[in-house]
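K.L.:
Can you keep this structure in mind? I'll have questions shortly.
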C-alpha cells in the first residue's frame, strides 16, 4: 500500500450520474404537478357544468308535482 | 362415477351434468365434486384438442422454428453447443408455452366456456386447477416431442431421468403461473400481447433454476450442486400454486 | 379539491432541502474513494433510492393482500402510488448502478443479483401499469393489479436469491462473504455519514412523493365520479 496509484479521475461519470438522478426526479415531480393541474382544471369545468343545473332548480318556485319546466334533469324524467 | 364428458367444444357446454352424484348437488364444495370438476375440465380440453390438434400443433411447429432460429443465431459449434443446449431448450419452451396458454384461455373465453364454467356450482379454484393441468399436459406433450428432435439434430442425449424431472418441475411452475396470468390477460384489451409481458418477469426463477439444473444433469455435475436449483424449483411450484389457488377467484369473478 | 395540508407543504420543502444537502455532502464532504475516484459518490444516491424502492416494493405486495381482503378501492390508489414512485426510484438506481459500473468494472452492465433483480422488478412494475391500462372497469383493474403485484412481489425476491446463489460481482459494501466481488471498498466514518444521510433523505423524499401521488389518485377518482354524474 506504499506505492499508491494516482486516484483515477472519474468525476465525469459522477456528474453524469447526479445530473441524471436530478433530471429523472425533476421529470417525475413535473409530471405530478402537470397531472394535478389538469385534473384541477377538469374538476373546475365539471363543477361548472354541474352548477347551473342545481342553480336552476333552486330558483324555481317550489314545485308541486305537476308540469316542471324543462330542465336538464327534467328531460331525464 | 362417470362424469359424462362434454360432447363437442363448439357448443357452450352446460355445467358438467353428472349422471352420477356429485355435480348435480348445489354444494360444490366437497372434495369429490372438486376432483370431478377438475377432471371434467381437463377431459374437456383434452378431447377438444384431440379433435382439432390446434394447440399442440401450433406449439410444436413454433418450437421447431425457434430451435431453427437459434441454430442460425448462435453459430453453435460442438463445444459451445453443449453449454448452451439447456438454455436454448428452455427459451424454446418458454416462448412456445405462451402460445399454448394464450390460445387455451382464448378458446375458453370466446366460446363462452368460461362463463359456462363459472355458472357451474363448482369451486372457482377447480377451474384453475383444471385449466392449469390441461395447459401443463399440452406443454408436456410438446416437450416430449421436441426433446428427441433436439437430440437428433444436435447429437446430444437428452433422455436422462434427471433432465426429464427438471423439465417436469419447470413446466409445472410455468403452467401454474401462466394459467393465472392468461386468465387475466385474456380479459384485457391487449390480450395476447400482454401475456408474455406479464409472465416472463415473474417466471424467471423457474428459467434460472431449470437451466442450471438441466445443465448440471447434462454435464454430469455433482448431485449436491444440482440439488439447490431443484429445491428452488419445487419451492417455487408449491408457493405459486398455493398463491394462485387462493387468488384465482378474484380473477374470474364478475 | 381540498388544498394541500400544511404538513405536506412542509414535507415538500423539507424534501427539497434534504436532497440538496445530501447531494452536497455526497459530492463535497465525503472523502474521495481511492480506487475508483469520484464516481463512487453516486453510490450514495444509488443505494438511497434502491433501499427505499425495495421497501416500497415490499409494501406494495402487502397492499395487494390488503386490497384483496377488503376490496376497498382506496388501497388500490395507495398501491398505484407506491408502485409509481418505486418505479421512478428504481430507474434512478439502475441508471446510477450502470454509471458506477462503467469505470469501476469496465462494463456498462453487470448481470449480478442486485442490478438484475432491479431490472426485473422494474419490468414487473411496467407490466403492472400495462395490465391496468388494458382494463376499463375500475374494480377489475384494481383486482388484477393487486394479483399481479402480489405475484411479482413474491417472485422478485426469489429471483434475487436464485441469482445470488449462482454468481455475483456486485460489491458487497456492508459485510459480505464473496471474496471475488470486485469493487469492494470499506467505508470510512465520513462515508458512513454521507451514506446514512442519503438513506434518510430518500426515505423522506419517497414519503413525500408517495403522499402527493396518493392525493393525485384521490383527485382523479373524484373527477371520474363527477364526470359520471354530469354525463349521466
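The values are calculated or read from the model by the stated rules, or taken from the named source; none is laboratory data. What you see is a predicted model; the values in this text were computed from it and never measured. Every residue, glycine as well, gets a Cβ built from its backbone with ideal geometry; the counts of neighbours run over all protein chains shown.
K.L.:
When residue C:88 is evaluated against the numbered criteria (1) within 12 Å of chain A (Cβ to nearest Cβ); (2) at pLDDT below 90, which criterion, by number, is the only one it fails?
P.N.:
Single failed check for residue C:88: (2).
K.L.:
Follow-up. If you go through the range B:162-208, how many residues are within 8 Å of chain C (Cβ to nearest Cβ) and either part of a loop (DSSP other than H, G, I, E, B) or in contact with a strand residue (DSSP E or B) (Cβ under 7 Å, 6 or more places away or on another chain) (or both)?
P.N.:
4
K.L.:
Do we find a residue being more than 18 Å from residue C:146 (Cα to Cα), within 14 Å of chain C (Cβ to nearest Cβ) and modelled with pLDDT under 90 anywhere in the range B:141-151?
P.N.:
No, that holds for no residue.
K.L.:
Turning to a different aspect of this structure: Being under 30 Å from residue A:48 (Cα atoms) and either more than 10 Å from chain A (Cβ to nearest Cβ) or surrounded by fewer than 19 Cβ atoms within 10 Å (Cβ to Cβ) (or both) is the filter here, so list the residues in the range C:186-214 that pass it. Spell out how you get there, then give the answer.
P.N.:
Within the range C:186-214, the first condition is being under 30 Å from residue A:48 (Cα atoms), and the residues that meet it are C:211-214.
Result: C:211, C:214.
K.L.:
Exactly one of these conditions fails for residue C:111: (1) closer than 30 Å to residue B:229 by Cβ; (2) facing chain B (nearest Cβ under 9 Å); (3) more than 18 Å from the chain's Cα centre (by Cα). Give me its number.
P.N.:
So the condition that residue C:111 fails would be (2).
K.L.:
If you go through the range B:104-113 one residue at a time, how many are surrounded by fewer than 20 Cβ atoms within 10 Å (Cβ to Cβ) and part of a helix (DSSP H, G or I)?
P.N.:
4
K.L.:
Please work out which residue is farthest from the chain's Cα centre (by Cα), limiting yourself to the range C:114-126 and to residues that are at pLDDT below 90 and within 11 Å of chain B (Cβ to nearest Cβ).
P.N.:
Across the range C:114-126, the extreme among qualifying residues is C:116.
K.L.:
If you go through the range B:209-227, how many residues are within 8 Å of chain C (Cβ to nearest Cβ) and either in contact with a strand residue (DSSP E or B) (Cβ under 9 Å, 6 or more places away or on another chain) or modelled with pLDDT of 90 or more (or both)? Please lay out each step first, then the result.
P.N.:
Here is the first cut: in the range B:209-227, the residues within 8 Å of chain C (Cβ to nearest Cβ) are B:209, B:212.
Right, trim to either in contact with a strand residue (DSSP E or B) (Cβ under 9 Å, 6 or more places away or on another chain) or modelled with pLDDT of 90 or more (or both) and you get B:209.
Of the residues in that region, 1 qualify.
K.L.:
Restricting to the range C:127-144, and then to whatever is under 17 Å from residue B:192 (Cα atoms) and outside any loop (DSSP other than H, G, I, E, B), can you tell me which residue is modelled with the lowest pLDDT?
P.N.:
C:133
K.L.:
Where residues in the range B:232-241 are surrounded by fewer than 22 Cβ atoms within 10 Å (Cβ to Cβ) and within 10 Å of chain C (Cβ to nearest Cβ), which of them is farthest from residue B:84 (Cα to Cα)?
P.N.:
Restricting attention to the range B:232-241, the residues satisfying the condition of being surrounded by fewer than 22 Cβ atoms within 10 Å (Cβ to Cβ) are B:234-235, B:237-239, B:241.
Restricting the remaining residues to those that are within 10 Å of chain C (Cβ to nearest Cβ) gives B:235, B:239.
Details: B:235: 25, B:239: 29 Å.
Of everything passing the filter in the range B:232-241, B:239 is farthest from residue B:84 (Cα to Cα).
K.L.:
Right, here's the next one. Any chance the range C:73-85 includes a residue that's within 30 Å of residue C:103 (Cβ to Cβ), in contact with a helix residue (DSSP H, G or I) (Cβ under 7 Å, 6 or more places away or on another chain) and crowded, with 21+ Cβ neighbours inside 10 Å? Lay out the reasoning, then the answer.
P.N.:
At the first step, the residues of the range C:73-85 found to be within 30 Å of residue C:103 (Cβ to Cβ) are C:85.
Now restrict to residues that are in contact with a helix residue (DSSP H, G or I) (Cβ under 7 Å, 6 or more places away or on another chain): C:85.
Still in the list and also crowded, with 21+ Cβ neighbours inside 10 Å: C:85.
For the range C:73-85, residues within 30 Å of residue C:103 (Cβ to Cβ), in contact with a helix residue (DSSP H, G or I) (Cβ under 7 Å, 6 or more places away or on another chain) and crowded, with 21+ Cβ neighbours inside 10 Å: present.
Yes/no matrix, rows are residues, columns are (1) at the interface with another protein chain (Cβ under 10 Å from one of its Cβ atoms); (2) modelled with pLDDT of 85 or more; (3) surrounded by 14 or more Cβ atoms within 10 Å (Cβ to Cβ):
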residue	(1), (2), (3)
C:9	no, yes, no
C:17	no, yes, no
C:33	yes, no, yes
C:50	no, yes, yes
C:53	no, yes, yes
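K.L.:
Same structure again: So residue B:156 clears everything in (1) touching a residue at least 24 places away in the same chain (Cβ under 8 Å); (2) over 22 Å from residue B:204 (Cβ atoms); (3) outside any loop (DSSP other than H, G, I, E, B) except one condition, right? Which one?
P.N.:
Status for residue B:156: all satisfied but (3).
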